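J.: Below is one structure. I have some questions about it.
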Amino acid sequence: MNGGTPPVTQPGTQSGTQQVPQSAPQSEPRPGNDRPLLVVTGGMGRVAGVLRPRLRPRYRLRLVDRVGGPVTQDEELVVTDLASKEAARSAMVGADALLHLAGEPSPTAQWERLYATNIVLTERVLAAAADVPRIVFGSSVHAAGGDSRPERYPIDPAWEPHPCCAYGMSKVVGEALARMHADTHGSSVVSLRLGLTGFPLTDPGHARLWLSDDDAGRLVTAALTAEPGYGVHFGVSANAIPHWDTTSSARDLGYLPQDDPSDVLAEAAEVSRMH
Ligand SMILES: NC(=O)c1ccc[n+]([C@@H]2O[C@H](COP(=O)([O-])OP(=O)(O)OC[C@H]3O[C@@H](n4cnc5c(N)ncnc54)[C@H](O)[C@@H]3O)[C@@H](O)[C@H]2O)c1
């Protein structure tokens with residue numbers, strides 16, 4: 001683990017890393033200060049927004065993002081561009097675990113942006129996290145999207161990666177960087193191939209991809225607390241037809257999805273029928 005104190009910013013700060021006064025002197029421990037420190041890159045993003053309330057009971061959260069926003073008293077916000085090596089190193093100081101979510105989430109994004117944000121940035125964040133013992137990387141089902149056809153179901157995460165698009169390819173490279181990091185530094189590294197996360201399920205066509213908010217919390221908590229090791233796993237809710245094989249997520253992480261997209265869609269249909 002590292003030591004020291006990184007720059008901290010107030011909610012809403014738009015850029016830079018400004019020192020702000022703390023509400024209590026640094027020497028006075030706050031309640032729950034003994035919880036492990038989890039650094040969440042992309043901490044102001046959609047997926048982080050789903051996870052933050054579900055991770056707060058177990059972790060002190062340091063949210064690192066290039067944009068600011070509201071945070072709770074219990075959270076620390078660092079507004080900085082992680083493309084800077086210095087900023088990335090500073091953001092990791094004292095971290096017990098890293099959840100790397102900063103990235104470009106659009107499957108239709110252009111190659112230049114994916115290269116800069118999902119590949120170069122991931123390399124930079126991992127390099128800065130050399131001393132962080134546990135890392136979870138936000139990958140995507142798109143890393144295996146090329147296998148997404150009925151004759152291939154259920155898709156095994158142990159198969160050779162088969163991206164469907166430049167976005168999926170950028171996640172495959174991120175997974176490879178994560179694997180290399182695990183080999184080099186001996187850290188526990190888990191890549192989670194997330195399904196559609198942080199969106200309400202309204203389109204039946206998305207059911208096979210969907211990860212509910214509560215299942216996302218269960219999955220990431222499981223990945224952060226499982227026996228240390230290396231792995232790549234799918235993260236989706238309980239699908240009636242298993243498109244993505246979550247056997248390894250259950251076996252290695254203990255992730256058991258509890259939300260069924262068919263129930264959610266049936267409820268939504270019932271609500272719209274009554275209105
Ligand atoms: N939302 C989904 O359905 C989904 C599914 C699969 C995988 N993922 C992955 O999860 C991660 C988070 O996705 P999201 O939907 O929350 O995206 P998002 O765009 O809402 O959040 C990403 C955050 O990263 C931050 N960021 C980007 N570049 C940065 C930089 N250089 N320095 C600091 N911060 C930076 C952005 O400001 C943003 O707040 C992404 O890597 C995405 O590929 C998301």
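J.: Exactly one condition in (1) within 20 Å of V40 (Cα to Cα); (2) of a type in the set (A, V, I, L, M); (3) within 12 Å of the ligand (Cβ to nearest atom) is false for V189; which is it?
T.: (3)
J.: T80 fails exactly one of the following numbered conditions: (1) more than 21 Å from A216 (Cα to Cα); (2) polar (S, T, N, Q); (3) more than 7 Å from the ligand (Cβ to nearest atom). What is the number of that condition?
T.: (3)
J.: Exactly one of (1) within 17 Å of the chain's Cα centre (by Cα); (2) acidic (D, E); (3) more than 9 Å from the ligand (Cβ to nearest atom) is unmet by E104. Its number?
T.: Condition (3) is where E104 drops out.
J.: Condition test on A109, is it in contact with a strand residue (DSSP E or B) (Cβ under 7 Å, 6 or more places away or on another chain), closer than 28 Å to D215 by Cβ and either modelled with pLDDT under 95 or not charged (D, E, K, R) (or both)? Don't jump to the end; show me each part of the working.
T.: Working: in contact with a strand residue (DSSP E or B) (Cβ under 7 Å, 6 or more places away or on another chain): no; closer than 28 Å to D215 by Cβ: yes; either modelled with pLDDT under 95 or not charged (D, E, K, R) (or both): yes.
Taking the combined requirement at face value, the residue does not satisfy it.
J.: What's the number of the condition A128 fails, among (1) open to solvent by less than 30 Å² (accessible area, probe 1.4 Å); (2) over 25 Å from G229 (Cα atoms)?
T.: Exception for A128: condition (2).
J.: T221 passes all but one of (1) under 22 Å from W159 (Cα atoms); (2) more than 15 Å from the ligand (Cβ to nearest atom); which number fails?
T.: Only one criterion is unmet by T221, namely (1).
J.: Turning to a different aspect of this structure: If I go through region 210-233 residue by residue, how many of them are open to solvent by 30 Å² or more (accessible area, probe 1.4 Å) and closer than 23 Å to S272 by Cα?
T.: 1
J.: Here are some residues: R193, R251. Which one is basic (K, R) and open to solvent by 20 Å² or more (accessible area, probe 1.4 Å)? Please lay out each step first, then the result.
T.: Working: R193 fails: open to solvent by 20 Å² or more (accessible area, probe 1.4 Å).
After applying the criteria, what remains is R251.
J.: Let me ask something additional. How many of the residues making up region 142-184 are polar (S, T, N, Q) and surrounded by fewer than 21 Cβ atoms within 10 Å (Cβ to Cβ)?
T.: Going residue by residue through region 142-184, those that are polar (S, T, N, Q) are 148, 170, 184.
From the residues that got through so far, the ones that are surrounded by fewer than 21 Cβ atoms within 10 Å (Cβ to Cβ) too are 148, 184.
The number of residues fulfilling the criteria is 2.
J.: Condition test on G68, is it of a type in the set (G, A, S), crowded, with 17+ Cβ neighbours inside 10 Å, at pLDDT 95 or above and near the ligand (Cβ under 9 Å from one of its atoms)? Walk me through how you get there before you give the answer.
T.: Details: of a type in the set (G, A, S): yes; crowded, with 17+ Cβ neighbours inside 10 Å: yes; at pLDDT 95 or above: yes; near the ligand (Cβ under 9 Å from one of its atoms): no.
Here the answer is no, as G68 does not meet what is asked.
J.: Continuing with this model, one more query. Among the candidates V125, V132, single out the residue that is away from the ligand (no atom under 13 Å from the Cβ) and touching a residue at least 40 places away in the same chain (Cβ under 8 Å).
T.: Just a single option satisfies the conditions, and that option is V132.
The values are calculated or read from the model by the stated rules, or taken from the named source; none is laboratory data. All values derive from a computational prediction rather than experimental measurement. Glycine also receives a Cβ, built like all others from the backbone with ideal geometry; neighbour counts cover every protein chain displayed. Protein only, heavy atoms only, side chains kept; ligands, DNA and RNA dropped before computing areas. Shrake-Rupley method; radii C 1.70, N 1.55, O 1.52, S 1.80 Å.
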